Amino acid sequence: MNQQDIIAAAKTALADDEAVRGLFLSGSFGRGSDDEWSDVDLLAVVGKDDQRGVADRWHKALSALAPVVYWNELERGGFLINAVTEDWLRCDLYMVEPGHIGQRAKNTVAPLIDRDGIYDGLPATLPLKTPNPHALRCQINEFIRILGLTPVAMGRGEYLTAVMGNGLLRGLLVDLFMQDVSDPDTGGILHMSKLLPAEQIKIMSDLPFPNATADAVMDAHLAVARVFMPRARAMAERLGVEWPEAFEAATRRVLEEKLGVKADW
């Protein structure tokens, strides 16, 4: 069994279900960028009162195709169902009400069922994404805040927590690099290497991964900061985002006074 079997099962199972006004492939299959590792993302247009019944019918159809070992339902601006089969094929069904299809375009979805001509009403493409000044401001302040908490973790001997903090710093560096990705439909993080330049992937790959010791964590924190801070400052200047000078200065000072390290980013 493969992803195409799941797609065919969804189309067959819901073909005569009038509650389903539209069924589309989204994600990598909708964009035509799928590979053997892709999950199947299904977008269904279903009235609120009918979504429970459609979910149950989809569960029955998918279970008939292969045993379902994971089934999770979430309310996330719509009705989201995550499913995994016993051979770890993944499928998400996201149900939205008519008129709430969201930011979609003809090059991001592929119609399987379209009773109401929804696809024809979509734009050909979405506008390119531009950096978000508000998000950048939050990223910068959060990065500095995590750095400033390092003496607390070190003082308490919470080195595992500090390792987790380094992961957060790395995540903020990824977020910073992603600010300049103009693709409006970036998809999931599991194909980051297709979105970011090879140079940035190498920069992040070369950063040290710390074990749970004070010196290793501090070295790793400073290594990420030396990459993040100058790039974030340059982007802030480009976007007209005020730099938190006092916050940064206080953080430099506490690192130097409490830990004896030179905050040389």
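The values are calculated or read from the model by the stated rules, or taken from the named source; none is laboratory data. In this text the structure is predicted, and so the values were computed from the model without any measurement. A quick note on method: Cβ atoms are made from the backbone with ideal geometry, for glycine too, and the neighbour counts reach across all protein chains shown.
A few notes on this one:
- Restricting attention to the stretch 60-109 and to residues that are buried (at least 19 other Cβ atoms within 10 Å of the Cβ) and aromatic (Phe, Trp, Tyr), the residue that is nearest to Leu128 (Cα to Cα) turns out to be Tyr94.
- Within the stretch 60-80, the presence of a residue that is more than 28 Å from Asp49 (Cβ to Cβ), among the polar types (S, T, N, Q) and not assigned by TED's automatic domain parsing to the domain that holds Met229 is excluded.
- Among the residues of the stretch 104-129, those identified as of a type in the set (A, V, I, L, M) and either at pLDDT 95 or above or in contact with a strand residue (DSSP E or B) (Cβ under 9 Å, 6 or more places away or on another chain) (or both) are Ala105, Val109, Ala110, Leu112, Ile113, Ile118, Leu122, Ala124.
For (1) among the hydrophobic types (A, V, I, L, M, F, W, C); (2) assigned to a strand (DSSP E or B), each residue gets a yes or a no:
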site	(1), (2)
Ser38	no, no
Leu42	yes, yes
Arg52	no, no
Asp56	no, no
Ala64	yes, no
Leu74	yes, yes
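- Looking only at the stretch 55-72, and only at residues there that are in contact with a helix residue (DSSP H, G or I) (Cβ under 7 Å, 6 or more places away or on another chain) and not basic (Lys, Arg), the one that is nearest to Thr125 (Cα to Cα): Trp58
- Extreme residue, modelled with the highest pLDDT, among residues of the stretch 175-192 that are surrounded by 16 or more Cβ atoms within 10 Å (Cβ to Cβ) and under 13 Å from Gly27 (Cα atoms): Asp185
- If you go through the stretch 14-28 and keep only what is outside any loop (DSSP other than H, G, I, E, B) and either out of contact with any strand residue (DSSP E or B) (no Cβ under 6 Å at 6 or more places or on another chain) or of a type in the set (S, T, N, Q) (or both), you end up with Ser26, Ser28.
- Phe209, sole failed condition from (1) surrounded by fewer than 15 Cβ atoms within 10 Å (Cβ to Cβ); (2) part of a helix (DSSP H, G or I): (2)
- Set Met218, Met204: member being in a helix (DSSP H, G or I) and buried (at least 18 other Cβ atoms within 10 Å of the Cβ): Met218
- Scanning the stretch 111-164 for residues that are more than 26 Å from the chain's Cα centre (by Cα), part of a loop (DSSP other than H, G, I, E, B) and of a type in the set (Gly, Ala, Ser) returns Gly117, Gly157.
- Condition check for Asp92: in a loop (DSSP other than H, G, I, E, B), in the same structural domain as Gly22 (by TED's automatic domain parsing) and of a type in the set (Asp, Glu): no
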